[in-house]
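What follows is a short report on a single structure.
The values are calculated or read from the model by the stated rules, or taken from the named source; none is laboratory data. These numbers come from a predicted model, not from an experiment. Cβ placement follows ideal geometry from the backbone for every residue including glycine, while neighbour counts extend to all protein chains displayed. Calculation scope for accessible area: heavy atoms of the full protein, side chains included, ligands and nucleic acids excluded. Shrake-Rupley method; radii C 1.70, N 1.55, O 1.52, S 1.80 Å.
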Amino acid sequence: MEKKRVAIVGAGLSGLAACKHLLERGCRPVVFEADTVLGGVWAHTPACTKLQTPRPLYQYSDFPWPDSATEFPDHRQVMDYLGAYARHFGVLDCIRFGHRVLGMEYVGVDEEAVAAWEEWSGTGGAFGSGDGEWRLEVANADGDVQTHIVDFVVLCIGRFSGVPNIPTFPPGKGPEAFHGQVMHSMDYSNMDSEKAKEMMEGKRVTVVGYLKSALEIAAECAEVNGTERPCTMIVRTKHWNIPHYYAWGVHISKLYLNRFAEFLIHKPGEGLLLSLLATTLTPLRWIFTKFAESYYSIPLKKYGMVPDHSIFEALVACLVAIAPKDHYKRLDEGSIVLKLSKTFTFCKEGVLLEGESSPIRSDIVIYGTGYRGDEKINNMFKSEYFRSIAVGSTSTTLPLYREVIHPKIPQLAVLGYSESLSNLYTTEIRAKWITHFMDGGFRLPCIKAMQKDVLEWEKYMKRYSRGYFRRSCISVLNIWYNDQLCKDMGCNPRRKNGFFAELFEIDPAQGAFSVLEASPSLSLKCTQKWGRVGGAAKQKVTSTAVPLVAEAVAVVPFLRSETYGVEEDPVLAGGGGRFGVR
């Protein structure tokens, strides 16, 4: 079997899963991690941060939590769990910490030929004809730049870190006019918890945003300063920040996250029968939505914060956040104050809201405005051609087939960008899918067919999520999406006993499949025999020989993870840092 070289960029949840599944297929990849530790966004959360769901709902399918873990594991327990997962499956030995990928370039085939291909990578297979390869420039902790040549790249760089989404202002009305301190939630989350509290103590803090990171920062501020120095939140967009997932005692997964609920939605690639069924059942979806909103809007009405969009639309876009404990109590007591304004500017004393003459006097202003995950992907490419097509335009979704493969960028996969309501589970099944493809388990459709499928998903996202389609969230079509991955791999996604059970039952994983049929495993043999490329000063070429691992992979039960938090920007925002992981 042909030996291939594979690089994974990032050692967060996606990178660990991708490496583990490649190892099981006999391929030993190299994982480049810019940080000194694994864990992605978890790497910089303080010890006080905990999961907001019980531990069984946030675990890899074949690696349960130890009995010693608490019901809601804290930061240290999560990091220990991820580290144990990496050691148990041999992933840790593949990671090169402190190695940042500065950029990458596709070589061996000119861009005109790539653009003219009718099949992905020229052949529809993972590695194409063998003529093309990726050249990665990687800087180590000492600043030395190494050039690596690989046959396939898996980008696992996430979307909730790295490139903060910073608001822009007219000249003279930005942070330069302010005499206080301005920072992004990314900088705040990188601070030690005690230092962060010390920084806020006795200060007038204004937080821009009204989703997960902004809410958690405001909660910490309120805890430190109380009503003496209330924290002001500038709310640009109202959101469904709910106390829990139960509406009038009914878990909303029963309304939105089973197979029957998906019959109420027009789906990508659906036939005439399913289309007619979705149209006929649309009133029932409206009833479900009004039922949920009648409960969740009760505390929101008191503060004029009922969103303009429905809770269904928020679920479609992964824009539902669980409010911190006592959030509404703090609003009642006045330790958190909400100010609704679409725009704001800075002045010497603080921030000035649209239509108001007096500023909000502030010492510290913190942006809880999310990240530009698409720009982070774009920055990986040196080629202007790839940069021009990698993330689409602001009027399209990120053009990824199965939310993993760009139809026009060869020998590359993206894991961890598209959101769902079960991110860890979705990451794991995607890792299974891409490694099955790399192992020759199936071939991709032609480029035109993939582009058509991408447009079908874009149509769905635009239809139901208003202006939030750029988030590429599969959420309420998670089962439909998983069915497609399973069929690609030759797996049977049905696993419940009986028609009605399959239609209405809710898994403990809330909609995620708990069992997949085992699929045939081909023996992909991979080694890393790194190419040698000349370079400039401070640039050296590495040559790394890696032994083979010959193991078969089996499909195992998958469990749901809690969703990542999301932040304020309606298109590009996402959770991250200390408060993005739930």
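Descriptive notes on the structure:
- When Y417, Y385, Y425 are checked against the criterion of being touching a residue at least 60 places away in the same chain (Cβ under 8 Å) and more than 16 Å from the chain's Cα centre (by Cα), a single residue qualifies: Y385.
- In summary, helices (runs of 4 or more DSSP H) completely within region 381-500 and bearing 1 or more residues that are on the phi < 0 side of the Ramachandran plot and open to solvent by 40 Å² or more (accessible area, probe 1.4 Å) occur at 384-389, 447-465, 478-488.
- Residue count for region 239-251 under the criterion of being part of a loop (DSSP other than H, G, I, E, B) and open to solvent by 10 Å² or more (accessible area, probe 1.4 Å): the result is 5.
- Residue in region 131-143 that is open to solvent by less than 20 Å² (accessible area, probe 1.4 Å), among the small types (G, A, S) and more than 23 Å from G370 (Cβ to Cβ) present: yes
- Complete set of residues in region 270-279 that are outside any loop (DSSP other than H, G, I, E, B) and open to solvent by 30 Å² or more (accessible area, probe 1.4 Å): L272, L273, L274, S275, L276, L277, T279
- Exactly one residue out of V316, V320, V306 is open to solvent by 40 Å² or more (accessible area, probe 1.4 Å) and either under 20 Å from the mean Cα position of the chain (by Cα) or over 19 Å from A218 (Cα atoms) (or both), and it is V306.
- Pairs meeting the criteria (first residue in region 339-350 and open to solvent by less than 70 Å² (accessible area, probe 1.4 Å), second residue of a type in the set (D, E, K, R) and part of a loop (DSSP other than H, G, I, E, B), beta carbons under 8 Å, at least 6 apart or on different chains) are S341/R236; S341/E354; S341/E356; F344/E354; T345/K173; F346/K173; C347/K173; G350/R204.
- Count of residues meeting criterion [touching a helix residue (DSSP H, G or I) at 6+ places or on another chain (Cβ under 7 Å) and either at pLDDT below 90 or under 11 Å from L82 (Cα atoms) (or both)] in region 15-50: 13
- Apart from one condition, A261 fits all of (1) in a helix (DSSP H, G or I); (2) out of contact with any Leu (no Cβ under 8 Å at 6 or more places or on another chain); (3) small (G, A, S); (4) touching a residue at least 40 places away in the same chain (Cβ under 8 Å); the exception is (2).
- For A247: the one exception among (1) touching a residue at least 24 places away in the same chain (Cβ under 8 Å); (2) of a type in the set (G, A, S); (3) farther than 30 Å from L276 by Cα: (3)
- When region 178-194 is filtered for residues that are touching a strand residue (DSSP E or B) at 6+ places or on another chain (Cβ under 8 Å) and either among the hydroxyl-bearing types (S, T, Y) or modelled with pLDDT under 85 (or both), the ones remaining, listed by number, are S185, Y188.
- Some residue of region 110-118 being in a loop (DSSP other than H, G, I, E, B), touching a residue at least 40 places away in the same chain (Cβ under 8 Å), open to solvent by 30 Å² or more (accessible area, probe 1.4 Å) and over 28 Å from P407 (Cα atoms): no
- Qualifying residue in region 364-379 (condition: over 27 Å from the mean Cα position of the chain (by Cα) and either in contact (Cβ under 8 Å) with a residue 60 or more places away in the chain or open to solvent by 10 Å² or more (accessible area, probe 1.4 Å) (or both)): yes
- Residue in region 65-79 that is among the acidic types (D, E), assigned to a strand (DSSP E or B), at pLDDT 90 or above and open to solvent by 30 Å² or more (accessible area, probe 1.4 Å) present: no
- Contact map, region 201-214: first residue over 13 Å from A323 (Cβ atoms), second residue basic (K, R) and open to solvent by 10 Å² or more (accessible area, probe 1.4 Å), Cβ cut-off under 6 Å, separation 6 or more or different chains; pairs are R204/R229; R204/R361.
- Near pairs, Cβ below 9 angstrom, 6+ apart or cross-chain, from region 138-156 (in contact (Cβ under 8 Å) with a residue 40 or more places away in the chain and in a loop (DSSP other than H, G, I, E, B)) to any residue that is surrounded by fewer than 16 Cβ atoms within 10 Å (Cβ to Cβ) and among the polar types (S, T, N, Q): A141/T36; D144/Q539
- Residues of region 181-238 that turn out to be in a loop (DSSP other than H, G, I, E, B), open to solvent by less than 10 Å² (accessible area, probe 1.4 Å) and of a type outside the set (A, V, I, L, M), as a count: 2
- Residue within region 171-182 that is of a type in the set (G, A, S), touching a Phe, Trp or Tyr at 6+ places or on another chain (Cβ under 8 Å) and on the phi > 0 side of the Ramachandran plot present: no
- Note on region 82-97: residues that are open to solvent by less than 50 Å² (accessible area, probe 1.4 Å) and more than 18 Å from A69 (Cα to Cα) amount to 5.
- Unique match (being under 22 Å from Y417 (Cα atoms) and either over 19 Å from the mean Cα position of the chain (by Cα) or open to solvent by less than 50 Å² (accessible area, probe 1.4 Å) (or both)) among F178, F152: F152
- The single condition among (1) open to solvent by less than 20 Å² (accessible area, probe 1.4 Å); (2) in a helix (DSSP H, G or I); (3) basic (K, R) that K267 does not meet is (2).
- Any hit, region 119-130, residues being in a loop (DSSP other than H, G, I, E, B), open to solvent by 20 Å² or more (accessible area, probe 1.4 Å), out of contact with any Cys (no Cβ under 7 Å at 6 or more places or on another chain) and over 20 Å from L22 (Cβ atoms): yes
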